[in-house]
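K.L.:
Dropping the structure in here first, questions after.
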Amino acid sequence: PGARHAVWALAADGRLVPASGVQPPAEGALVHRSPLTTGLDAGAWCPDGGMGDWPVDQRAEDGRSLAFTSAPLDAPLEVLGFPEVRLALCADRPVAHVAVRLCDVAPDGASLLVTRGLLNLTHRDGHDGGRALRPGERCDVSVRLDAIGQAIPAGHRLRVAISTAYWPW
């Protein structure tokens, strides 16, 4: 009861804002190519509780990504289900990947991984078979993040971080 669907937008200046408050991007597109070391702080693909299984503070990963951060939340926010991030992008090669992370940023700056999703862009239309990208051509994609049920406290910020690499995943 009382659940509602929230839509946020990625602003060209790095803000994450409620969708109704976003301004159109300035001229040109945001360009980003992640270092190949992006993903070092990801933790294990399927953690079983062993040493090093869980992702550590994501600040370094955020710095290797294109990051969009909200203002401090006025009230707690509960995230339940499969968050989805829709992107309009283009790549400079026929095979490319995108990784999207949702993080809870504490008042002290610590960035806690909430959930993430990865997409091989040749599978942007489904997983029945791949279709190469046309370098430089815009495509609209949807990246479904892993299921999550988590409360983010008031005073914390949300961060969406997008990268073109997520090694060793």
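The values are calculated or read from the model by the stated rules, or taken from the named source; none is laboratory data. Since we're looking at a predicted model, the values are computed, not measured. Cβ coordinates were reconstructed from backbone atoms using ideal geometry, including for glycine residues, and neighbour counts include every protein chain displayed. Heads up: the accessible areas ignore ligands, DNA and RNA and are worked out on the full protein's heavy atoms, side chains in. Shrake-Rupley method; radii C 1.70, N 1.55, O 1.52, S 1.80 Å.
K.L.:
What are the pairs, 6+ residues apart or on separate chains, where a residue within region 52-79 that is within 16 Å of Trp167 (Cα to Cα) and touching a residue at least 12 places away in the same chain (Cβ under 8 Å) has its Cβ under 8 Å from a residue that is open to solvent by 50 Å² or more (accessible area, probe 1.4 Å) and in a strand (DSSP E or B)?
P.N.:
Gln58/Leu112
K.L.:
Considering (1) closer than 21 Å to Gly39 by Cα; (2) in a strand (DSSP E or B), say which one Val79 fails and leave the rest.
P.N.:
Only one criterion is unmet by Val79, namely (1).
Matching residues to (1) within 16 Å of the chain's Cα centre (by Cα); (2) open to solvent by 90 Å² or more (accessible area, probe 1.4 Å); (3) modelled with pLDDT of 80 or more:
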{"site": "Ala12", "(1), (2), (3)": "yes, no, yes"}
{"site": "Leu16", "(1), (2), (3)": "yes, no, yes"}
{"site": "Gly21", "(1), (2), (3)": "no, no, no"}
{"site": "Pro25", "(1), (2), (3)": "no, yes, no"}
{"site": "Val31", "(1), (2), (3)": "yes, yes, yes"}
{"site": "Ser34", "(1), (2), (3)": "yes, no, yes"}
{"site": "Thr38", "(1), (2), (3)": "yes, no, yes"}
{"site": "Cys46", "(1), (2), (3)": "no, yes, yes"}
{"site": "Trp54", "(1), (2), (3)": "no, yes, yes"}
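K.L.:
Check region 119-126 and report whether any residue there is out of contact with any Leu (no Cβ under 6 Å at 6 or more places or on another chain), farther than 24 Å from Ala44 by Cα and among the hydrophobic types (A, V, I, L, M, F, W, C).
P.N.:
Scanning region 119-126 turns up no residue that is out of contact with any Leu (no Cβ under 6 Å at 6 or more places or on another chain), farther than 24 Å from Ala44 by Cα and among the hydrophobic types (A, V, I, L, M, F, W, C).
K.L.:
Which fully enclosed strands (runs of 3 or more DSSP E) of region 92-169 have 2 or more residues being open to solvent by 20 Å² or more (accessible area, probe 1.4 Å) and over 22 Å from Ala12 (Cα atoms)?
P.N.:
Output list reads 111-120, 148-152.
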